[in-house]
Amino acid sequence: MTDENKLRSLILAPYIVKATALIGNARYVGGNQFRHAFATLGILLDYKYFSNPVLLKASLVHDLFEDIPFTDKSILLDLDSDGKAVTSLVLELTKDKNETKATYLQRILEKGTFDAKILKAADRISNLTDINRSIFTDNKITQYLYETEEYVIPMAQQVNPNMVIELTDLIKKRRAMLIGV
């Protein structure tokens, strides 16, 4: 099956409907988590993950349980034949409220599935693209760049060398932004 046919056969509508719950969750950089979900999906499509419907569907709802904590964790299970796998991937990427950010990222780096690492790298690319000084302090941006280097780049090294290049380029541009270059 060609990439075009794979995309034609991909049914995202049930996941888009569930992702609409994120419309009410504003992002500090503007917009909302719903738009961020679509940006993450777009990054995965840009990297040609056409033949991985679970990954693509999970990208649309990857922040659902974290951003709307009262969400019933079973709501994705029966959406379609991929529901169980999508739920598993989303839960794997959901930060537990008792985890520090470093512990969470270390868990994904050390124990995460291939798809979890791909999705986390795409998520971070989206976040780094949106980060700006009008919203975040220089210290917060510096910490975020450090986390990316410490945890997310090693994840990307395990799954997609082109994502490593993009993440590295984004870090370089954000550091230049901090010093006014």
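Here, each number is a calculation from the coordinates, and none is a lab measurement. Small disclaimer: the values here were computed from a predicted structure and weren't measured. When we count neighbours, we look across all protein chains shown, and the Cβ atoms used for this are built from the backbone with ideal geometry, even at glycine.
Take each uninterrupted DSSP H stretch in the chain, measure its Cα extent along the helix axis, and return the ones at 18 Å or beyond whose mean Kyte-Doolittle hydropathy is at least 0.0. Mind dumping the intermediate values first?
Numbers: long enough: 33-46 (19 Å, 0.66); 114-130 (25 Å, -0.18); 161-179 (28 Å, 0.27).
Span-like helices, by this rule, are 33-46, 161-179.
What is the fewest-to-most order of 88, 51, 59 by other Cβ atoms lying within 10 Å of their Cβ? Walk me through the numbers before you get to the answer.
Details: 88 17, 51 12, 59 33.
Ascending number of Cβ neighbours within 10 Å: 51, 88, 59.
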Centroid-to-centroid separation of region 35-63 and region 102-166 [C-alpha atoms, Å]: 16
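Sort the following peptides by mean Cβ neighbour count (other Cβ atoms within 10 Å, averaged over residues), highest first: 166-175, 68-77. Provide the component values of the computation, followed by the final result.
Working: 166-175: 16.1, 68-77: 12.7.
Ranking the peptides 166-175, 68-77 by packing returns 166-175, 68-77.
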Least to most buried among 23, 16, 108 (fewest other Cβ within 10 Å first): 23, 16, 108
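May I ask you to sort 123, 78 by Cβ crowding, counting other Cβ atoms within 10 Å and putting the fewest first?
On the way: 123 21, 78 11.
Taking fewest neighbouring Cβ atoms as first place, the list is 78, 123.
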Above-threshold pairs, the threshold being 30 Å between Cα atoms, out of 6/101; 6/120; 18/172; 73/101; 57/95: 6/101; 18/172
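Place a +1 charge on the Cβ of each Lys and Arg in the chain and a -1 charge on the Cβ of each Asp and Glu, then give the dipole magnitude about the Cα centre in debye, rounded to the nearest 20.
Details: 23 positive and 23 negative charges, 65 e Å.
Around 320 debye, computed over the chain.
Suppose the chain between residue 99 and residue 129 were pulled fully straight at 0.36 nm per residue; how much longer would it get relative to their current alpha carbon spacing?
Working: separation 30, 0.36 × 30 = 10.80 nm, distance 2.51 nm.
Gain on stretching residue 99 to residue 129: 8.3 nm.
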